[in-house]
Structures are given as C-alpha cells and as structure tokens.
1. What single numbered condition from (1) at pLDDT 75 or above; (2) acidic (D, E); (3) more than 22 Å from K217 (Cβ to Cβ) fails to hold for D69?
2. Quickly run through region 142-162 and pick out the residues that are surrounded by fewer than 22 Cβ atoms within 10 Å (Cβ to Cβ) and either closer than 16 Å to R203 by Cβ or of a type in the set (G, A, S) (or both).
3. Which members of region 181-204 meet the condition of being surrounded by 12 or more Cβ atoms within 10 Å (Cβ to Cβ), under 19 Å from I140 (Cβ atoms) and over 17 Å from the mean Cα position of the chain (by Cα)?
4. All but one of (1) surrounded by 22 or more Cβ atoms within 10 Å (Cβ to Cβ); (2) touching a helix residue (DSSP H, G or I) at 6+ places or on another chain (Cβ under 6 Å); (3) more than 27 Å from I97 (Cα to Cα) hold for F207, so report the exception by its number.
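The values are calculated or read from the model by the stated rules, or taken from the named source; none is laboratory data. None of the values given here were measured: they were computed from a predicted structure. Neighbour counts are summed over all protein chains in view; Cβ atoms, including those assigned to glycine, are modelled from backbone coordinates with ideal geometry.
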Amino acid sequence: MPGPRPPRGHRYSPFCPSIPGQVGDQAFGTRPASGRGQTGRACRVSVGGTRCSRDPRPWLLCSWLESCDSIQVKPSKDLLTELRRSIGKNECWQRVIAGFDGAGRKGSSALHLAILVEPYLTYILEGRKTIESRFSVNRIAPYAHLRQGDVIILKQSSGPILGTCRVARVWFYRLEPNSWREIRHRFAKGLCADDPGFWAARRRASFATLMQLEDVKRMEPLTLRKRDRRGWVVLAQHCEDLRLL
C-alpha cells in the first residue's frame, strides 16, 4: 500500500542528494505536450548507475519520460570549436574549458552555454539572482541534462559571453498545479521574478528546470558567433547519459 504523499510539488532529482525552445526565459515550442497534468505512469530511470525503480506513485518522479530519443541531446561540437577559436590564448578562459571535449569527461561535469536576456544576466553576475530557470513545452535541454557541479557559460542574448558559474543544485518538474505553486513559493525570490508577467509568459510550459547557481564569475567579454535561436546548448555532455531502462 502506498505510503503518505510527500509535501506539495512533485519532483525527483537523481543528480543531487537532496533545483527554454527558450532564451533564458523566452520562447516555447509550438507542439503541446500530451497528457499535461496527468497523474499517470511512472518510469524507471538510470543516471550514472543510480536507479529509481518503478513505482505506481507518480509523485516520486519529476517527469514522465516517454521515449529514450526524447531526452537524447548531442553535444554541439561546432559551437564548442567556435568557442575554442574565440578563446585563443586567453588563459582565464582556457582554464574554464580545460579538459572538455565533445563527449564530456567521465565522472566530471558537463559544459553548457546559457543565453540570457537582461536584466537577468546582470542580476546573476551581481549575485542578486541565485536561481536560473528554464521552462518549455517539450522535453528539451537543460531538462534531464543538468547535474550538480556542471559548468555554465553565461552569454548575453545578441551579445558577448560575460561570465561563468557552476550548478549547486538542480530540480526538474513535470508541471501541474501543485508544482507551479511550489516553484512560485520556493523560488520566486531567487529568480528575481516579482513581475507577474514573468509567470504569465511561461503559463504554456509543461516542463521546468530550476538550478541554484554558485561560484559565479564575471569574465573578460568574449565574442561567440552563434547562428541559431537555442537558449540552451550542451557543449560537452556527461559520459553517462540519462536513459530509460
């Protein structure tokens, strides 16, 4: 017989022991996700050898991952190559990406590029914004592709790269009324999301990734030619990907 329900807001993060398309907080995909708000099936997830076994109680998981292909993300080798070209002999930036390649490093962090709009990028660099969010209609990065210790490169939308940070904690949500309430109650301050318009712009989302940031560093501005509209790019992924069993 199932045990008692947990506190309001259903989440499960296999990446930390305990928090979209998209541009920082912008556009969403056009195809609605099926089964939004369902309390239906649970699944079994493997992350780096850690398993969450099948359980009929859907609140044990933050998401209903319906196909392995839906969460496969190929690292952007072309963009990482372009980043290396832009860095050149800049020693500070060389230390940031040292050891990363297109396949990532086993047992280490992955490398991500986040595109942010103002004033949120400035808030992060100033230490006012401690939580970054990504909301999306479909299961796209960074959903299920982010874990504690990952490195994030911070790029201004239509502007240069201005800094870096690390992921302290991460939460994934399959959005439904309870999880929406928890996100607003728990993370609004860290998100600097006092404007009701912030939430109104994301009301169509079905998936959310919340991440607590640490070790934020303002770096020498770096130009990176990026030709697509993705708001989040996995530059070097974990060697052990998230998979359905």
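1. Just one mismatch for D69, condition (1).
2. Once the filter is applied, which keeps residues that are surrounded by fewer than 22 Cβ atoms within 10 Å (Cβ to Cβ) and either closer than 16 Å to R203 by Cβ or of a type in the set (G, A, S) (or both), region 142-162 yields G149, S157, S158, G159.
3. Here is the first cut: in region 181-204, the ones surrounded by 12 or more Cβ atoms within 10 Å (Cβ to Cβ) are 181-184, 186-193, 198-199, 201-202, 204.
Going one step further and asking which of them are under 19 Å from I140 (Cβ atoms), we end up with 183, 201-202, 204.
Answer for region 181-204, where residues must be surrounded by 12 or more Cβ atoms within 10 Å (Cβ to Cβ), under 19 Å from I140 (Cβ atoms) and over 17 Å from the mean Cα position of the chain (by Cα): A201, R204.
4. Only one criterion in (1) surrounded by 22 or more Cβ atoms within 10 Å (Cβ to Cβ); (2) touching a helix residue (DSSP H, G or I) at 6+ places or on another chain (Cβ under 6 Å); (3) more than 27 Å from I97 (Cα to Cα) is unmet by F207, namely (2).
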